[in-house]
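Visitor: One structure, as structure tokens, below. Some questions next.
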Amino acid sequence: MLAPHLRKNVDKLWDRFWSAGLTNPLVAVEQITYLLFLKRLEDLDGDRVATGKPSVYERRLPEDAARFDGNTCRWSYIRQQSTDTKHLIEVVFPWLRTLDRRLSDHEEGTELAGLNGRMADAYFQLDPNKGQVLHDAIDLIDKLFAQAGDGSAAQDLMGDTFEYLLSEVATAGKNGQFRTPRHLIRFMVELLAPQPGERLIDPAAGTGGFLFSAQQYLRRQGSTPENLRLEWDGAPHRLDLVQATEQERALIEDGACFVGIDNDRTMARIGWMNLVLHHIHNPRLMQGDSLSKREGKPELAPLLASESYRYVLANPPFTGTVDTADLERDSLLFPRAGTKGKKKDEVLTNKSELLFVWLMLDLLQVGGRCAVIVPEGVLFGNTDAHIKLRRELLTEHCVEAVISLPGGVFQPYTGVKTSILVFRKETPRAAKTSFEKNAPRTDQVWFYEVAADGYSLDAKRTPRPGQDNDLWDALVQFRRWLQEGRAATEGEPAYHQPRYWRERWRQASLRDASGQLTPAGFAFADDPEAAPAFDGKTWAIHELFPELLREGEETIDPQEAEARVRERVAPRLAELASRHFAHADPRTATTEWNRAARELQCCFEDEGPALALWKQLTAAAREQVPDEPQGEPVADLVDALRPLAREVAKVDGYDLWLRSPAIDQARPAGARKCWAVPLRAWAPDPEWRSADGTLLGSHDATGRVRPEYVAEKLPSLYDGDTLNAALLDPDCIEARDWNLSAGQYKPFDFAAMDSEVSVTALIDELRQLERGILDGLDRLQAMVEGRA
């Protein structure tokens, strides 16, 4: 999370480009991306030079004109010429388009190794006459990172800035269909729980959210638990990788493990930049169509090699159609409409959401797992393609879970109902069959119905921190399902949440570039050298000032911190005001007091909580001066007020909600949220006898189907591809055309009934109603037959 003053600068940056005429959101983001990259490039080149590689700014190409000097393309130079739009358009960007050729032959292990022609069509589209806009943009970017210093702190801040910029694009009026909500992405990553070195791919990568979120998850696992902080929606902070080995650290930052493909070149470039800013070296995020023919695409084809990945994470395009003539011509990848004649060359469907799931199956190694967001139609559609896909997933592979999402999660852009489909590949590509009838790989499917995801479900999608979030309960229930093979039952209803609490954070930089104390460091002014480790880092106020805590406390609510500071400062201010007004000229006393209080306002964050508290306290002290003030004269009012201002400055910062890493708060569940449904359940036949006559009834006393019954009836379960539905329980998945819609199987929840009448009484009433209907039908039949 960016601090409010940093978010404000990002908003200003966006608004400057927007007002300059770049109203297409992708174009505006791309132009800002170029500037961020140019700033980051100078740091990256410095790292390269430190390892003995030649500077990209020094290397000259044959076509470089005599006047062309790469050093004028450094950010430090651009900053000095910040109004010179012509220099960017005519010098910097032509130079940027040749950046690949200016690299050395050995770039392995550097973040520029995967540049791969991405800047070959980079153009700066700002109007040449908008020099002031350029100046403002460069100034805002410099302000964003002025206090972050170098190294990982600067990179973390740049990554957070870029993510916030993308989130702003996703607000109303700026268009944001391409951005999957990050809290859903983090949830899906946790469902799969990847390990370092295990390759994963997103074949519809967009801005790379799944890829860098997976890397963040790995960094979280390798970070010090005591140092780690999670926001209420799961966003991690303070990822230090201290507990990761050098080998694990290298794997976590290895771009070869994070592969993404997107059809839009601009999107792919933005996504690649996003990954570079999130500590991924040489990420493999390429531009290309994952579904199209791979012939003649030497860079794309290896990334789409069958059975190459341990994990697939994706939110592919919904309800789209593709040109089947351009699809990869691989019948083991995309099924054909038939086995003979023209149909053997026709693809079964042109629906992108179905084709992407087949692609994901092909990309997975045997034992590999996938979590993908699909529109609800994929789960219950009745076309041949829909049924074939679900049947293949359920019989040849293992569907682990279907997690139904509320209809508003993609508001305001679409109200399409979606679910997260989680499956594991069981059958190798080479062993694919037309239909595995006898031994389906899936035994039961686990369903979870998410009703609340932490945000309002209207078009505003307002955050609801600290409130119940079904995603956390779903994680606990899903892990138990994987480990124990059972869903929560009515006998053990529990709803799981983490602990939530509020803290106030601040960026505790002590000095600015000139060595002067910054407002954020004002509270340290008594001894600015006492906390050098705080420079450029973000801390909670109780970590900076433990004196705010009382014995036994580990954190403090922001309002309680303000109350304690108010309790300490208010009497001292009142005493100081009493002394001041006792000896000052009555005609000027109030003016002098107000002037001194205002002079110290510069030491607080603009519009921050400490400034508001300071104004309240100084105003209250001024208004509550007794009729006969007493005390010694105040020699210098500003100097006298300064220690109190420093005390108030301790509560400066911004508030945020946090959650505990453990989801260990359990309480009785109000409603049934998860359940397991068998794929194949045999209908009871109490009259059945075994061949030797020793067994009566298809099921034993515990309700389990007898193996002898299954062995006898299995050959007749299907006549070709036609199911003998009478043999199966009508509530099992196989009997319902492999329907995977959660609502189809939701158990009736008596506990959720809001009625003063008991369930038993309701059943008796229904039975009486049934008897009345049957009696009426008997009378009607008798009349028709002339018997009455």
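Visitor: What do you get when you divide the Cα radius of gyration of the chain by 2.2 N^0.38 Å, with N the number of residues?
Guide: So the chain has a normalised radius of gyration of 1.18.
Visitor: What's the Kirkwood radius of segment 180-315 in Å, using all Cα pairs?
Guide: Hydrodynamic radius (Kirkwood, Cα only) of segment 180-315 equals 15.1 Å.
Visitor: Can you give me the Rg/Rh ratio for segment 582-709, using Cα atoms for both radii and the Kirkwood formula for Rh?
Guide: Result: Rg/Rh = 1.73.
Visitor: Which whole-number percent gives the relative contact order of the chain, counting Cα pairs below 8 Å spaced six or more residues apart?
Guide: Relative contact order of the chain: 10 percent.
Visitor: Where does each of E607, E328 land when they are ranked from fewest to most other beta-carbon atoms within 10 angstrom?
Guide: The order, fewest Cβ neighbours first, is E607, E328.
Visitor: Non-local amide H neighbours of L728 (under 5 Å, H modeled in plane, Pro and chain starts lacking H): which ones?
Guide: Long-range HN contacts for L728: A683.
Visitor: Okay, next question. In whole Hz, what ³J(HN,Hα) sequence does segment 596-610 give by Karplus (6.51, -1.76, 1.60; θ = phi - 60°), x for Gly and Pro?
Guide: With coefficients 6.51, -1.76 and 1.60, one gets 5, 5, 5, 4, 7, 5, 5, 8, 10, 5, 4, 6, x, x, 5 Hz.
Visitor: Short version: ³J(HN,Hα) in whole Hz for each residue of segment 95-104, in order, from phi by Karplus 6.51 cos²θ - 1.76 cosθ + 1.60 (θ = phi - 60°), x for Gly and Pro, what are they?
Guide: 5, 5, 5, 10, 4, 3, 6, 8, 7, 7
Visitor: Restricting to bridges with both residues inside the chain, how much of the DSSP beta-bridge set is antiparallel, in percent to the nearest 5?
Guide: Counting DSSP beta bridges with both partners in the chain, the antiparallel share is about 70 percent.
Visitor: Rounded to the nearest Å, what's the spacing between the alpha carbon centres of segment 249-314 and segment 567-596? Just the number, please.
Guide: Comparing the Cα centres of segment 249-314 and segment 567-596, I get a distance of 65 Å.
Visitor: Over all directions, the average projected area of the alpha-carbon convex hull for segment 662-750 comes to how many nm²?
Guide: Average of the hull's projected areas for segment 662-750 equals 9.1 nm².
Visitor: Same structure, new question: Using modelled amide H (1.01 Å from N, peptide plane; none on Pro or chain starts), what sits under 5 Å from the amide H of Q444, excluding residues fewer than 5 places away?
Guide: HN-HN under 5 Å from Q444: L679.
Visitor: Which angle from 0 to 90°, rounded to the nearest 10, does the C-alpha axis of helix 352-363 make with the longest principal axis of the chain?
Guide: The answer is roughly 90 degrees.
Visitor: What ³J(HN,Hα) values, in whole Hz, does the Karplus curve 6.51 cos²θ - 1.76 cosθ + 1.60 give for segment 259-274 when θ = phi - 60°, with x put for Gly and Pro?
Guide: Per residue, the Karplus-derived 3J(HN,Hα) values read 10, x, 9, 9, 6, 8, 5, 4, 4, 5, 5, 5, x, 4, 4, 4 Hz.
Visitor: In vacuum, with every alpha carbon of segment 531-637 counted as one equal point scatterer, what does the Debye formula give for log10 I(q)/I(0) at q = 0.13, 0.21 Å⁻¹? Two decimals, please.
Guide: -0.60, -1.12
Visitor: If you average 1/r across every pair of different Cα atoms in segment 622-687 and take the reciprocal, what Kirkwood value do you get, in Å?
Guide: About 21.1 Å, per the Kirkwood formula over Cα pairs.
Visitor: With viscosity set to 1.567 mPa s at 4 °C, what whole-number translational diffusion coefficient in µm²/s follows for segment 682-721 from Stokes-Einstein and a Kirkwood radius over Cα pairs?
Guide: 122 µm²/s
Visitor: A further question follows. Calculated from DSSP H runs of 4 or more alone, at -39500 (n - 2.57) each and per residue, what is the 222 nm mean residue ellipticity of the chain, nearest 500?
Guide: -11000 deg cm²/dmol
Visitor: What whole-number volume per residue, in cubic angstrom, does the convex hull of the C-alpha atoms of segment 1-131 give?
Guide: 137 Å³
Visitor: Would you mind ranking T85, T98 by Cβ crowding within 10 Å, fewest neighbours first?
Guide: Going from sparsest to densest Cβ surroundings: T98, T85.
Visitor: To continue, here is another question. Among DSSP beta bridges lying fully in segment 180-315, give the percent that are antiparallel, nearest 5.
Guide: 15 percent
Visitor: Give me the Å³ per residue figure for the convex hull around the C-alpha atoms of segment 639-788.
Guide: Roughly 338 Å³ of hull volume per residue.
Visitor: Suppose we take every Cα in segment 365-455 and form the convex hull; what volume per residue is that in Å³?
Guide: Once divided by residue count, the hull of segment 365-455 is 113 Å³.
Visitor: Just want the ordering: S434, S690, from fewest to most Cβ atoms lying within 10 Å of their own Cβ.
Guide: S434, S690
Visitor: What is the diffusion coefficient of segment 182-224 in µm²/s, taking the Kirkwood radius over Cα pairs and the Stokes-Einstein relation at 10 °C with a viscosity of 1.306 mPa s?
Guide: 149 µm²/s
Visitor: Please state the shape class of segment 301-363: rounded when a/c is under 1.5, otherwise prolate if a/b exceeds b/c and oblate if not, all from the C-alpha gyration tensor.
Guide: oblate
Taken together, the values in this text are just the output of simple stated rules run on the coordinates, not laboratory data. Bear in mind that the values here come from a model prediction, so they are computed numbers and not experimental data. Quick reminder, even Gly has a Cβ in these numbers, built from the backbone with ideal geometry, and neighbours come from all protein chains shown.
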